[in-house]
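The values are calculated or read from the model by the stated rules, or taken from the named source; none is laboratory data. If you're wondering where the values come from, they're calculated on a predicted model, not measured in any experiment. FYI the Cβ positions are ideal-geometry reconstructions off the backbone, even for glycines, and counts take in every protein chain you see. Remember, those area values only see protein heavy atoms, side chains included, never the ligands or the DNA or RNA. Shrake-Rupley method; radii C 1.70, N 1.55, O 1.52, S 1.80 Å.
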Amino acid sequence: MTPKDDQVKHIMVYLDESGHIHRNSKCQYFAIGGFCCSAEDDQKIKSLYKRTNKKIKKNYNLSLDVELKASQMDDAQKIDLFNALKTSDGFCGVGIVFDKQMMQKPIESENMFYNYGVKELFEDVIFPLVDDLMDEPNEVVVFHVTCDNRSMKSGDVKDLEKFLSTTFIEKNCSFKVEYGNSASNYSIQIADLIVNTAFMSKKDPERVENVLKTLDKNRFLIAYSPSEKYEVRAETLF
């Protein structure tokens, strides 16, 4: 039986990654993160970021066609963007950082580990934010997940969608996964800003110390795995 439109809650999730997970990488950490919001807040959040993004480019004499990468931003630019984003009540930055040296087994497949990482992000951070919705018997939650079009093999772009749908088959939710290009997608650029900050909070915390101090800890929720689990303190956002 197909639920009616007023019985469906659409949650937007935008994700990017930072670090490396291939076998030969010496990078200790790998992070997946971005932000989630209701469909109603989606366009507002994009507009907030786009407006501040353009202002930064103007102040720094940068071309409007240049993509602002978090790894190349200074603290002031990051803080301006984060301050703009948190003015939206429906915005929540999310992320999970993996310490690969703490893993008990080697990573056999990049795509499989990426799927596992997204699953952990949902379990540890995103689901606790929408538990109330998912407990409603007459309402279905649809997660629209947009990931950066990683340099992954494009054999089956539905791989993550199938994995999440099967893993969470007992939960009152469904998943729709697509991939976007950060060069033309402001939401993926927001995800890049958040996941880079989460990644650096472990890899080199001194470099993002000033940025971390400005973040509202109830609006930016980060889990650390496998040694730590984040205890979500935010109230239900949706």
> Per residue and in cubic angstrom, what volume does the convex hull of the Cα atoms of region 43-163 have?
Replying inline: 173 Å³
>> With an 8 Å Cα cut-off and a minimum separation of 6 or more residues, compute the relative contact order for the chain in percent.
In response: 33 percent
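Going by average Cβ neighbours within 10 Å, how do the peptides 202-212, 75-85, 100-110 rank, with the highest at the top? Before the final figure, lay out each step's value.
On the way: 202-212: 14.6, 75-85: 18.5, 100-110: 11.0.
Going by the mean number of other Cβ atoms within 10 Å, highest first, we get 75-85, 202-212, 100-110.
With a cut-off of 8 Å between alpha carbons and a minimum separation of six or more residues, what is the relative contact order of region 1-117 in percent?
Numbers: 117 pairs, mean separation 40.7, N = 117.
The normalised contact order for region 1-117 reaches 35 percent.
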> To the nearest whole percent, what portion of all C-alpha pairs in the chain is separated by more than 22 angstrom?
Replying inline: 52 percent
> Hey, with R₀ at 45 Å, roughly what FRET efficiency would Lys55 and Ser165 work out to, going by the Cβ-Cβ distance, to 0.05?
Replying inline: 0.65
> Based on the Cα gyration tensor of region 1-96, what are the three equivalent ellipsoid semi-axes, each the root of five times an eigenvalue, rounded to whole Å and given largest first?
Replying inline: 28, 23, 11
> At a Förster distance of 22 Å, what's the computed FRET efficiency of Leu212 paired with Glu40, Cβ-Cβ distance as r, to 0.05?
Replying inline: 0.15
> Around Ser174, which amide H atoms from residues at least 5 apart in sequence, or from another chain, sit under 5 Å from its own amide H, with H modelled in the peptide plane?
Replying inline: Val141, Val142, Phe143
> Along the charge dipole of the chain, which of Tyr60, Val118, Val13 sits closest to the positive end, that is, farthest toward it, with unit charges on the beta carbon of Lys, Arg, Asp and Glu (+1, +1, -1, -1)?
Replying inline: Tyr60
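Return the carbon/sulfur percentage of the accessible area of the chain, one whole number, probe 1.4 Å, all protein chains in place.
On the way: 5700 of 12500 Å².
Percent of accessible area from carbon and sulfur atoms in the chain: 46.
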> Under a straight-distance cross-link criterion of Cα-Cα below 28 Å, which lysines are reachable from Lys9, leaving out those fewer than 8 residues away in the same chain?
Replying inline: Lys44, Lys46, Lys50, Lys86, Lys119, Lys158, Lys162, Lys171, Lys176, Lys217, Lys229
> So what's the net charge close to Lys176: Lys and Arg +1, Asp and Glu -1, counting the other residues with Cβ under 12 Å from its Cβ?
Replying inline: 0
> Treating the beta-carbon of each Lys and Arg as +1 and of each Asp and Glu as -1, no other charges, what is the dipole magnitude of the chain about its Cα centre, to the nearest 20 debye?
Replying inline: 880 debye
